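Below is one structure, written out as structure tokens; the observations come after it.
Taken together, the values in this text are just the output of simple stated rules run on the coordinates, not laboratory data. Just so it is clear, the model here is predicted, and its values are computed rather than measured. Neighbour counts are summed over all protein chains in view; Cβ atoms, including those assigned to glycine, are modelled from backbone coordinates with ideal geometry.
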Amino acid sequence: MNDVNDLQAQSSEDPSWPRANALLGRDSGAPIAIIGVPACETSISPTRADTTPGAVRDALRRYSTFSATHDIDLENLNIFDAGDVESPDHDEGEARVAQALESLKEKIVIAIGGDNSITYSVATALAGESIKQSGLITFDAHHDLRDGISNGSPVRRLVEAGMPGDNIVQVGIADFSNSAHYARRAQDMGITVIPRADFNARSIGSIVDQAIEVASRGGGPVHVDIDVDVCDRSVAPGCPAAAPGGLSADELRQVSFLMGADSRVGSVDFTEVDAQSDSPDGRTVRLVALCILEFLCGVASRDL
């Protein structure tokens, strides 16, 4: 059987159809880095989000390096695969995240979660002493302002670490997925909230422009958190908290491209996907892989 599988794999290879996973290499001097942060232990709901970074890397093999929409071929893009952070949960794990990211601070960083707790560890590690000038944009159905330490608290923790609430934008906040208490907390912290319903009345470009203007006004790096449960549950069954009525897969792909295209954005994370609870066709993991490629196309477009 292994011989048959090997032959099938060989027959599907085509030198004129480069696969996206081939973009990931071991050149630590590359200007872009991708790193897995498989946190899952403090999640409010049980999750195997720790299995997702590997699943996303595997999914990249299903796609090519060429975008017809943007007329961009990523084939020659140089990306350093920094591997996965071992046991990134709790204080010791967050220290390991900071250590792993120390050498990546001058690069554009793509972090693959893991649950949403990684937004705190990744953003603080990359911002360092400039945390008071840095900004955050979340694409998320939830405020993530809970007390304690979990995947429901990274935004609150970032504010407490020194990031000004005035530099934080939350896009895609969903009805009936939050409480009035946390909505008031966001308001009290000065956080700009752009609800899901705004996508029905405004262009994606105008929403992204507003978000980046607000998040970058401190003059420091902007980190983007793409919590995939901002999507409609039909396109993200691997996100336990996704609800009907969220963003479409195409909307999330457009958002990813526009975030990558703006030079004020220095890093992005993709979170809250449990690869083991995904649908049999792997649609949630494949969406993350495509959003990473869209983000990379955006980065490539900066020089065009």
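Extending 7 Å from Cα along the Cβ direction at residue 176 and again at residue 106 yields two label points whose distance is 5.2 nm. Computed from Cα atoms alone, the Kirkwood hydrodynamic radius reported for region 72-195 is 15.5 Å. According to the square roots a ≥ b ≥ c of the eigenvalues of the Cα gyration tensor, what is the shape class of region 128-273, taking rounded for a/c under 1.5, prolate for a/b larger than b/c otherwise, and oblate for the remainder? Oblate shape, in that a/c is at least 1.5 and b/c is the bigger or equal ratio. With a cut-off of 13 Å between beta carbons, the residues surrounding residue 101 carry a summed charge of -2, where Lys and Arg count +1 and Asp and Glu -1. Under a 5 Å amide H cut-off, with hydrogens placed 1.01 Å from N, residue 136 pairs with 168, 169, 223 among residues at least 5 apart or on other chains. Restricting the count to DSSP beta bridges whose residues both fall in region 18-301, what percent are antiparallel, rounded to a multiple of 5? Within region 18-301, antiparallel bridges account for around 10 percent of the total. Across the chain, the relative contact order, built from alpha-carbon pairs under 8 Å that are at least six residues apart, equals 20 percent.
Compactness of region 118-178, taken as the C-alpha radius of gyration over 2.2 N^0.38 Å, stands at 1.07. Computed from the alpha carbon atoms alone, the convex hull of the chain holds 132 Å³ per residue. Length gained on full extension, residue 45 to residue 166: 40.6 nm, using 0.36 nm per residue less the C-alpha separation.
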